[in-house]
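Input: a single structure, listed below in structure tokens.
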Amino acid sequence: MTAIEVRGLRKAYRGREVVSGIDLDVARGEVFALLGPNGAGKTTTTEILEGHRRRDGGEVRVLGADPGTAGSDWRARIGIVLQDADDAADLTVGEMVKHVAGFYAGPRAPAEVLALVGLTDRKDSRIRTLSGGQRRRLDVALGIVGRPELLFLDEPTTGFDPEARRNFWDLIRALAGEGTTILLTTHYLEEAEALADRLAVLAGGEIVAQGTPAALGGRASAGAKVSWRVDGVLRTEQVPDPTPLIRELVEAKTDLSTLTVTRPTLEDTYLALIGAHR
Amino acid sequence: MSGAFAPAPGRAPLRTVVASQIRMELTLTARRGEAVVLAMGVPLLVLLGAGLTEATNVPGDDRLAFVVPGVLALTVMSTAFTGQAITTGYERSYGVLKRLGASPLTRPGLLFAKTTAVLGLIVLQLITLAAVGLAVGWRPHLGSILPALGVTVLATAAYSGLALLMASRLRPEATTGAATLIYVLMLAAGGIMFAAPDLGTFGWFLLPLAAHAEALRETLSYGGSVPTAIWLSLGTWAVVFVTAAARTFRWE
């Protein structure tokens, strides 16, 4: 079953094309990450899928409906974590969660949602007093309170401290583990690698690579760099498969206490893809 | 724990959704209590200043009969137009409208909730100001209250429509500036504190504040009826701007 199906999506602002014909398929229950530099078209694409923006061309189906015309029953099935919300500053955290929960027929209990995002002790605080990271955690709470089938996360962990980010990852894995489809945009490559089943790299409004984090951009077949020291002198060899070389070294009784084998990180691959596009 | 994280979406009945939004709008308004009091400060000053002293030149012998209905009309404009335009403009820039657009609350649902909350606030403000007017000696004709309420509903609709239209088209700073400017211009030219140049029927079509104030004077202060031209003027304003707002209102 497909949760999101996009064919030939196009969008221009005042004649300048920011999304230039992209295709995407996201299966139900999948965690899919959209990566790309600022201005690559990530947010525009996401907003079209959410039904917030009209597209100029292409076909889009989200949970079987066209987001441009889908009604409130469809909206109840999606959850959105906004990138830059700064609203309802005069409500308390608890009031806001309870209010949004009231839009749904069988919402998660507000107290449970606050516990999931670690805001239980800020329940009675006015929203304007939250730190940036706490505010984003509230946005996550508001995105999941309606038990959505499909959750949009637009740079959700900006401003999170490391512990909050780990807890957030656990939460996303738990949601995905029980069937929630998740579309994530992020600048943090380790976040995409930790969470995503598959990812796509957007640059200049086009998808320049798509695949699993392990295989993205030919990363799995990119070979490895083997390094070791002989009498303090660094030796390095770039090989497609490190196994024969290491076997050779072992058989030659080389001292391998300094051996390292490195493959390109997701970040290396990503930067190479973005760089090639420019 | 199995199932605790499983999706189970579904929207609440639309009536519940809208009721929840109205409650939130009212709560937010109450939290901005100081702004609400300030919004009544100008009308109160005008009422007491122009109504009880000879500070300005007003037509007729009965100053309160002229000034109090004008102050009531001014308050409706202040809350339904100026206040609502500024609040909605900032809500748009803060992302609240985008969030609501992502929720099962529909666009008509949001407009209905906002209008209802504004109407509730206006009723409270009008009761307070009318009570102050009564306390200082204004003697309204209660027999004419129905047409007075009728023109007030039309004026509220027109102001709300214009407010939402501006808020969805301009940047919040521009909305704030334009809404304040229109408020001051209407206050000066609308014949609220002092007798403005009589533009006749044309003035009623140009200045809804002048039309509304005149209708309230005719009914509440003098026990008469609302001139047809005022019904037409406020009706046109309401239809044009409510339609335009419903057509063009954007979530972000």
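The values are calculated or read from the model by the stated rules, or taken from the named source; none is laboratory data. Nothing here was measured: the structure is a model prediction, and the numbers come from that model. Backbone-built Cβ (ideal geometry, glycine too); neighbour counts: all protein chains shown. These area figures cover heavy atoms from the full protein model, side chains too; ligands, DNA and RNA do not enter into them. Shrake-Rupley method; radii C 1.70, N 1.55, O 1.52, S 1.80 Å.
Just a yes or no: is a residue in segment A:176-199 open to solvent by 40 Å² or more (accessible area, probe 1.4 Å) and either closer than 19 Å to A:Val113 by Cβ or within 14 Å of chain B (Cβ to nearest Cβ) (or both)?
Yes; the residues of segment A:176-199 include at least one that is open to solvent by 40 Å² or more (accessible area, probe 1.4 Å) and either closer than 19 Å to A:Val113 by Cβ or within 14 Å of chain B (Cβ to nearest Cβ) (or both).
Looking at B:Leu121, B:Leu142, B:Leu129, which one is open to solvent by 30 Å² or more (accessible area, probe 1.4 Å) and under 22 Å from B:Ala80 (Cα atoms)?
From the options B:Leu121, B:Leu142, B:Leu129, the qualifying one is B:Leu121.
In segment B:8-37, what residues are open to solvent by 50 Å² or more (accessible area, probe 1.4 Å), out of contact with any Gly (no Cβ under 7 Å at 6 or more places or on another chain) and facing chain A (nearest Cβ under 7 Å)?
Listed by number, the residues that qualify are B:Arg11, B:Arg31, B:Arg32.
Quick one: is A:Asp161 of a type outside the set (A, V, I, L, M, F, W, C), more than 11 Å from the chain's Cα centre (by Cα) and open to solvent by less than 10 Å² (accessible area, probe 1.4 Å)?
The answer is no for A:Asp161.
Working only within segment A:180-210, note down all residues that are among the hydroxyl-bearing types (Ser, Thr, Tyr) and modelled with pLDDT of 95 or more.
Scanning segment A:180-210 gives a single hit, A:Thr181.
For segment A:87-115, what are the residues that are open to solvent by 50 Å² or more (accessible area, probe 1.4 Å), outside any loop (DSSP other than H, G, I, E, B) and within 13 Å of chain B (Cβ to nearest Cβ)?
Answer for segment A:87-115, where residues must be open to solvent by 50 Å² or more (accessible area, probe 1.4 Å), outside any loop (DSSP other than H, G, I, E, B) and within 13 Å of chain B (Cβ to nearest Cβ): A:Glu95, A:Lys98, A:Glu112, A:Ala115.
Checking B:Ser225 against (1) assigned to a loop (DSSP other than H, G, I, E, B); (2) over 19 Å from B:Thr152 (Cβ atoms); (3) not aliphatic (A, V, I, L, M), only one condition comes out false. Which one?
So B:Ser225 meets the others, but not (2).
Quick one: is A:Ile78 of a type outside the set (D, E, K, R), under 27 Å from B:Pro13 (Cα atoms) and either at the interface with chain B (Cβ under 8 Å from one of its Cβ atoms) or open to solvent by 10 Å² or more (accessible area, probe 1.4 Å) (or both)?
Answer is yes for this residue.
Could we say that A:Arg147 is open to solvent by 20 Å² or more (accessible area, probe 1.4 Å) and in contact with a helix residue (DSSP H, G or I) (Cβ under 7 Å, 6 or more places away or on another chain) here?
In short, no.
Which is at pLDDT 90 or above and either part of a helix (DSSP H, G or I) or open to solvent by less than 20 Å² (accessible area, probe 1.4 Å) (or both), of B:Thr243, B:Thr219, B:Thr201?
Testing whether each residue is at pLDDT 90 or above and either part of a helix (DSSP H, G or I) or open to solvent by less than 20 Å² (accessible area, probe 1.4 Å) (or both) leaves just B:Thr219.
What's the total number of residues in segment B:132-184 that are over 19 Å from the mean Cα position of the chain (by Cα) and either closer than 18 Å to B:Pro43 by Cα or outside any helix (DSSP H, G or I) (or both)?
Residues that pass the stated criteria total 12.
Of these, A:Gly146, A:Gly68, which one is in a loop (DSSP other than H, G, I, E, B), within 13 Å of chain B (Cβ to nearest Cβ), at pLDDT below 90 and over 25 Å from B:Thr87 (Cβ atoms)?
Result of the check over A:Gly146, A:Gly68: A:Gly68.
Yes/no matrix, rows are residues, columns are (1) at pLDDT 90 or above; (2) among the aliphatic types (A, V, I, L, M):
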position: A:Ile48; (1), (2): yes, yes
position: A:Trp74; (1), (2): yes, no
position: A:Val81; (1), (2): no, yes
position: A:Asp86; (1), (2): no, no
position: A:Thr92; (1), (2): yes, no
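Do the conditions hold for A:Leu138, that is, is it more than 10 Å from every other protein chain (Cβ to nearest Cβ), open to solvent by less than 50 Å² (accessible area, probe 1.4 Å) and part of a helix (DSSP H, G or I)?
For A:Leu138, the condition - more than 10 Å from every other protein chain (Cβ to nearest Cβ), open to solvent by less than 50 Å² (accessible area, probe 1.4 Å) and part of a helix (DSSP H, G or I) - is met.
Would you mind finding the one in A:Arg219, A:Arg247 that is open to solvent by less than 70 Å² (accessible area, probe 1.4 Å) and in a helix (DSSP H, G or I)?
After applying the criteria, what remains is A:Arg219.
Looking at segment A:119-131 only, could you name the residues that are buried (at least 17 other Cβ atoms within 10 Å of the Cβ) and either facing another protein chain (nearest Cβ under 8 Å) or in a loop (DSSP other than H, G, I, E, B) (or both)?
Across segment A:119-131, the qualifying residues are A:Leu119, A:Leu130.
Does segment B:43-55 hold any residues that are among the β-branched types (Val, Ile, Thr) and either at the interface with another protein chain (Cβ under 7 Å from one of its Cβ atoms) or touching a residue at least 60 places away in the same chain (Cβ under 8 Å) (or both), and which are they?
The answer is B:Val46, and nothing else.
If you check B:Gly223, B:Gly235, which single one turns out to be at positive phi and more than 14 Å from the chain's Cα centre (by Cα)?
Matching residue, one of B:Gly223, B:Gly235: B:Gly223.
Yes/no matrix, rows are residues, columns are (1) within 14 Å of another protein chain (Cβ to nearest Cβ); (2) within 21 Å of B:Pro140 (Cβ to Cβ); (3) crowded, with 24+ Cβ neighbours inside 10 Å; (4) under 16 Å from the mean Cα position of the chain (by Cα):
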{"site": "B:Asn57", "(1), (2), (3), (4)": "no, no, no, no"}
{"site": "B:Arg63", "(1), (2), (3), (4)": "no, yes, no, no"}
{"site": "B:Ala73", "(1), (2), (3), (4)": "no, yes, yes, yes"}
{"site": "B:Val76", "(1), (2), (3), (4)": "no, yes, yes, yes"}
{"site": "B:Ala85", "(1), (2), (3), (4)": "no, no, yes, yes"}
{"site": "B:Tyr90", "(1), (2), (3), (4)": "yes, no, no, no"}
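Residue by residue through segment A:10-48, note down the ones that are part of a strand (DSSP E or B) and either farther than 21 Å from A:Leu216 by Cβ or small (Gly, Ala, Ser) (or both).
Listed by number, the residues that qualify are A:Arg10, A:Lys11, A:Ala12, A:Tyr13, A:Arg16, A:Glu17, A:Val18, A:Ser20, A:Gly21, A:Ala27, A:Ala33.
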